[in-house]
Amino acid sequence: MILQTGLDSQPLLRAILLAVAYADVFDYPLTAGEIHRYCGVRASFTEVYAEIRDFRLISRAGGFYSLPGREALAGIRARREAGSARLWLPAARYGQVIAGLPFVRMAAVTGSLAVNNAEARADIDYFIVTEPGHLWTCRALALALGRLAARQGVNLCPNYLVTTRALAFPDRNLYVAHELAQMVPLGGLDIYAEIRRRNAWVSDYLPNAEGAPPAPEPVRMTASTPGLRPVTEAVLRTPPAAWFERWEMSRKIRALSRQQAASSESAFSADVCKGHDQRHQSRTQALLDSKVSRLLPLDL
C-alpha cells in the first residue's frame, strides 16, 4: 500500500508513517531506532530522527512513537516487555536444545517474543531449519521437547520448519520481510546468514534492517556447534530412521493439510512445514490497509 498524498513527494516521511502504522497493527509503539530499522527508505538514523521530531502525523509518549490517538500503547508495550523478559530465559534455553537436536541446522525465535511484544504466558514461536530428509523427524523431536516444557508451564510452538533446500522464501512482501528481519537466531548463525543472502529482496522493503536484531540479555547467538551431534546423526542415518521419516511425513501432511485446509498460508511437504492456520499474514495486511486508508486524506 502506497500513501497517495502530499507525502508522495517526501518518501522518507511516507516510510516513517508506514513503519509506525505497521507496528500499530500489533499495538506496538516504536522507538526512534526501531523506526529507522523498519522504515522502507535507506537512510541514516540521524536523517530519520530529524524527520520524526517534527512529524505531526505521529505522536510521542514515554519515548515511543505511535499514530495519533494511540499514545496509550506506551503502557501496553511496557507491560508486554515485562512479560517478554520472563519468557526469554526459557525461550533461549529450549531454543538452544532445539538447535542442538540431530539434523537441526538453525533455530530462531519469531513472532511477538522476537520483538518483546509478548504477554507473560504467550506461546514461544520457533523457526527451525533442518537437513533435507529429516524435517519431520526433527519436528517430532521438537514437539516431544514441547511436551516436556509444557510441564514447566512453558508453551513452545515450533510452527515453521524448512530444510536447507527451502531457504528462499516464496512469498515476497512486507509481512515476510518483517518476519525475517525480526527473528532472533539462537543457533546456526551461518545458516541465518545464508537465509538473509538468499532473501536479499528483504532490503527492497526494509533497507535499514541488516543482520539480526539485538538479542536480549539471556540469549547467546551461536554458530553451528556439532558437539556429539555427528555421532547421533550417524546412528539415525539408518533404514529404520528413514522409514520413520517417511511414515511421519505422510501421516502428518495428511492430517495437517486436512486441519488447515482453510488457510492459504499453511504449507506442508518434504521441505516445508508451515503451520500458519491463523492466517496472520493476510489479517495483518488487511489491518494495515485499513489503517493506511484512514491516513490517505491526511496531508502535511
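The values are calculated or read from the model by the stated rules, or taken from the named source; none is laboratory data. Model, not experiment: these values are computed from the prediction. All Cβ positions, glycine included, derive from the backbone under ideal geometry; neighbour counts span all protein chains shown.
State yes or no: is Gly63 modelled with pLDDT under 95, under 21 Å from Pro214 (Cα atoms), surrounded by fewer than 19 Cβ atoms within 10 Å (Cβ to Cβ) and not basic (Lys, Arg)?
yes
Output the number of residues of region 98-112 satisfying the condition of being under 10 Å from Arg229 (Cα atoms) and out of contact with any strand residue (DSSP E or B) (no Cβ under 6 Å at 6 or more places or on another chain).
Residues meeting the conditions: 3.
So if I check each of Leu145, Leu156, Leu161, which one is in contact with a helix residue (DSSP H, G or I) (Cβ under 8 Å, 6 or more places away or on another chain), within 30 Å of Asp204 (Cα to Cα) and either modelled with pLDDT of 95 or more or not polar (S, T, N, Q) (or both)?
Of the residues listed, the single one that is in contact with a helix residue (DSSP H, G or I) (Cβ under 8 Å, 6 or more places away or on another chain), within 30 Å of Asp204 (Cα to Cα) and either modelled with pLDDT of 95 or more or not polar (S, T, N, Q) (or both) is Leu161.
Which one of the conditions (1) among the charged types (D, E, K, R); (2) crowded, with 21+ Cβ neighbours inside 10 Å; (3) more than 23 Å from Tyr175 (Cα to Cα) does Arg80 fail to meet, given that it meets all the rest?
Unmet condition: (3).
Return yes when Arg139 is in contact (Cβ under 8 Å) with a residue 24 or more places away in the chain, of a type in the set (Lys, Arg) and in a helix (DSSP H, G or I) and no when it is not.
In short, yes.
For the subset of region 253-270 comprising residues that are among the charged types (D, E, K, R) and surrounded by fewer than 17 Cβ atoms within 10 Å (Cβ to Cβ), which member is nearest to Ala140 (Cα to Cα)?
Residue satisfying both the conditions and the ranking: Arg254.
Would you confirm, using the coordinates I've provided, whether Ser282 is over 21 Å from Gly100 (Cα atoms), assigned to a helix (DSSP H, G or I) and in contact with a strand residue (DSSP E or B) (Cβ under 6 Å, 6 or more places away or on another chain)?
No.
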